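Heads up, the thing below is written out as structure tokens.
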Amino acid sequence: MQSYDVMIIGSGAAGLSVALALPRHFNVALISKSQITEGATFYAQGGISAVMDPADTNAAHIADTLDAGSGLCHPDVVEHIVRNGRDRIEWLLEQGVPFSTRTSKSGHREFHLTQEGGHSHRRVVHAADATGAAVEDTLVSRVKGYANVTLMESHAAIDLIISLNQATKQKNCVGAYVFDEASGDVLTINARVVVLATGGVGKVYLYTSNPNVATGDGIAMAWRAGCRIANMEFVQFHPTCLYHHRAKTILLTEALRGEGAELLLPDGSRFMPSFHERAELAPRDVVARAIDHEMKRLGLNCVYLDISKKSKSFLLEHFPNAYQTCAEYGIDITAEPIPVVPAAHYLCGGVVTNIQGQTNLPHLYAVGEAACTGLHGANRMASNSLLECLVIASTAVESITTLLERVPAENVEIAPWDASRVIKGNEDVIISHSWDEIRRVMWDYVGIVRTNKRLERAQVRINILKTEINEFYSSFHISKNLIELRNLVLIAELIIRSAKLRKESRGLHYTLDYPNRDDTNFQSDTIL
Ligand code: FAD
Ligand code: SIN
């Protein structure tokens, strides 16, 4: 058994920020189920929201976040995260993140701030249109220089380990079983504190902007360990992903709309002004639903995003990634509109935590997209996610440090992984078929627009799949695919159960059976 002070599961913005901020005398394991850079963070485009412009205010950022969140944001959490934004951007600068800058009117260098949906002000700090790669690469190169951090790539956490503390009679999280993909072995890792930084759940839907690792593992592990999970019905669909028969879903950043891109129907007419006064810069739920509505009304496969009014030099400077990616699919964004569709993008819910990232299971923390702090409410505002990862990582580290210094290390006895009752599986087709089926059921029945009947249908099918997958899991040797599938079906179940509990439409949850918001009965989180 390996033992650490802290085990961080996940190496995106959340996990890396925790690893870098922990005092160097702690012995830390940083576990990542693929290559270390692989995760949503690397693909983030638009940037990180923070009040950096003297003409902007924390009050405005707070008001915009509350407005996007449709009455469910926790105001104290919003305030804490917004107020710490500038400090975290400065921390990233110290780490060496190369943010885009420009020369101000008075001749000094300042951040180039872009704008995105829901923001009343330009406040998105970015590195051209590949902010996530700049952040991830910088933080990874820093953490590689930390002798106290052991990096374990291609290691997938399977389940948390819980132990009863004899002195306090309290159940604590004391580690996790971890699958080593290279050897096929399951490691038993003991840690005094475990941090879930496992990101989101996009792969539960057929079409998603998320990378393959986004299978909700941390949320599933926390649920099985008895943690509270909230707001799973609030899955955000990004309005503009590239529509092309050869493309896996590729995101086209909202910053394009921030810089003037318009959404068009095939006849070249705009439609967003008739849906919201902020038109293309309305909150994301409004834009995604409007696109879905127009596609269904007119029987379209896609709508179009047009930025061709801007000069080529402007586009090459600000959107080199979008320009290059579209060119690879034969689309010249400087001259023609881009075909786009919405796709699953972000989970506002997750493992319930407080501002310190503490879950209801002692010694277990959750940070980043896997957590539900109360910042996003029913709909996340663009670029508030990376901000949340950074701020909560920092407060979580304060709490972890205090805990480790206050509570003495204890010897825990942990049963090793038991594989004595499983055999080698020879029906991998069951795994791949179940993957496809879950993702299609979720897309067809639990998507942007829901109904009671669709949710019922989805629940029946997901329940059958869950029984089959659990049987498979308890009979055959483990693999990464199987670990993820077991989590994915649980995530699907939690989303459906939460969606069924919310008998109103609010933020990202829209149902034809209850089309209006009901503040009398539902102005609260959905807690499972
Ligand atoms: P991630 O960065 O997703 O990292 C999760 C980590 O957990 C990975 O290392 C993964 O391998 C690991 N992991 C998962 N399961 C296991 C397991 N079982 N065992 C071991 N390791 C595991 N937000 C913004 O604020 N601004 C943006 O501009 C922006 N653009 C985006 C663009 C795209 C295409 C996408 C997909 C998202 C975007 N978002 C943006 C959202 C934001 O990127 C994510 O919410 C954020 O990066 C999540 O960070 P994280 O550290 O929580 O998770
Ligand atoms: C984007 O660049 O459009 C994504 C921003 C986000 O998800 O916050």
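Observations
- For the residues T65, T57, T37, T101, the requirement of being among the β-branched types (V, I, T) and crowded, with 24+ Cβ neighbours inside 10 Å singles out T65.
- Meets criteria (within 16 Å of ligand 2 (Cβ to nearest atom), in contact with a Gly (Cβ under 9 Å, 6 or more places away or on another chain), among the aliphatic types (A, V, I, L, M) and at pLDDT 95 or above) for L390: yes
- Total residues in the range 186-211 satisfying the condition of being within 15 Å of ligand 1 (Cβ to nearest atom) and surrounded by fewer than 23 Cβ atoms within 10 Å (Cβ to Cβ): the figure is 5.
- Single residue of the range 133-176 satisfying the filter (modelled with pLDDT under 95 and among the hydrophobic types (A, V, I, L, M, F, W, C)) that is nearest to the chain's Cα centre (by Cα): L164
- Residue that is farthest from V195 (Cα to Cα) [pool: residues in the range 375-401 that are surrounded by 24 or more Cβ atoms within 10 Å (Cβ to Cβ) and more than 14 Å from ligand 1 (Cβ to nearest atom)]: A378
Yes/no matrix, rows are residues, columns are (1) under 29 Å from A191 (Cα atoms); (2) within 16 Å of ligand 2 (Cβ to nearest atom):
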{"position": "M1", "(1), (2)": "yes, no"}
{"position": "A13", "(1), (2)": "yes, yes"}
{"position": "L22", "(1), (2)": "yes, no"}
{"position": "F99", "(1), (2)": "no, yes"}
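- Residues in the range 212-251 that are near ligand 1 (Cβ under 9 Å from one of its atoms) and in contact with an Asp or Glu (Cβ under 6 Å, 6 or more places away or on another chain): V213, T215, M221.
- Neighbours by Cβ (under 8 Å, 6+ apart or cross-chain): first from the range 44-63, farther than 28 Å from G199 by Cα; second of a type in the set (D, E, K, R) and within 16 Å of ligand 1 (Cβ to nearest atom): D53/R122; D53/R123; D56/R122; D56/R123
- Exclusive hit being among the small types (G, A, S), within 13 Å of ligand 1 (Cβ to nearest atom), farther than 18 Å from M7 by Cα and in contact with a strand residue (DSSP E or B) (Cβ under 6 Å, 6 or more places away or on another chain), set A176, A255: A255
Conditions tested, residue by residue: (1) in contact with a Pro (Cβ under 8 Å, 6 or more places away or on another chain); (2) over 20 Å from D444 (Cβ atoms); (3) touching a residue at least 24 places away in the same chain (Cβ under 8 Å).
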residue	(1), (2), (3)
N487	no, yes, yes
E493	no, no, yes
I496	no, no, yes
K503	no, yes, no
G507	no, yes, yes
L512	no, no, yes
N521	no, yes, no
S524	no, yes, yes
L528	no, yes, yes
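- Condition met for L404 (within 16 Å of ligand 1 (Cβ to nearest atom) and not aromatic (F, W, Y)): no
- Within the range 85-97, the set of residues being surrounded by 14 or more Cβ atoms within 10 Å (Cβ to Cβ) and not in a helix (DSSP H, G or I) comprises just one member, V97.
- Listed by position, the strands (runs of 3 or more DSSP E) contained in the range 329-398 that have at least 2 residues being farther than 18 Å from I495 by Cα are 338-347, 364-366.
- Helices (runs of 4 or more DSSP H) fully within the range 35-84 counting 2 or more residues that are out of contact with any Ser or Thr (no Cβ under 9 Å at 6 or more places or on another chain): 58-68, 75-83
- Selection count, the range 406-458, where residues are of a type in the set (D, E, K, R) and part of a helix (DSSP H, G or I): 11
- Complete set of residues in the range 271-283 that are in contact with a strand residue (DSSP E or B) (Cβ under 6 Å, 6 or more places away or on another chain) and either within 14 Å of ligand 2 (Cβ to nearest atom) or within 14 Å of C302 (Cα to Cα) (or both): E280
To keep it simple, each residue is scored yes or no on (1) closer than 30 Å to L490 by Cβ; (2) touching a Lys or Arg at 6+ places or on another chain (Cβ under 9 Å); (3) touching a residue at least 40 places away in the same chain (Cβ under 8 Å); (4) of a type in the set (D, E).
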| site | (1), (2), (3), (4) |
| --- | --- |
| K203 | yes, yes, yes, no |
| R224 | yes, no, yes, no |
| V235 | yes, no, yes, no |
| E254 | no, yes, yes, yes |
| L265 | no, no, no, no |
| G299 | no, no, no, no |
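The values are calculated or read from the model by the stated rules, or taken from the named source; none is laboratory data. Since we're looking at a predicted model, the values are computed, not measured. When we count neighbours, we look across all protein chains shown, and the Cβ atoms used for this are built from the backbone with ideal geometry, even at glycine.
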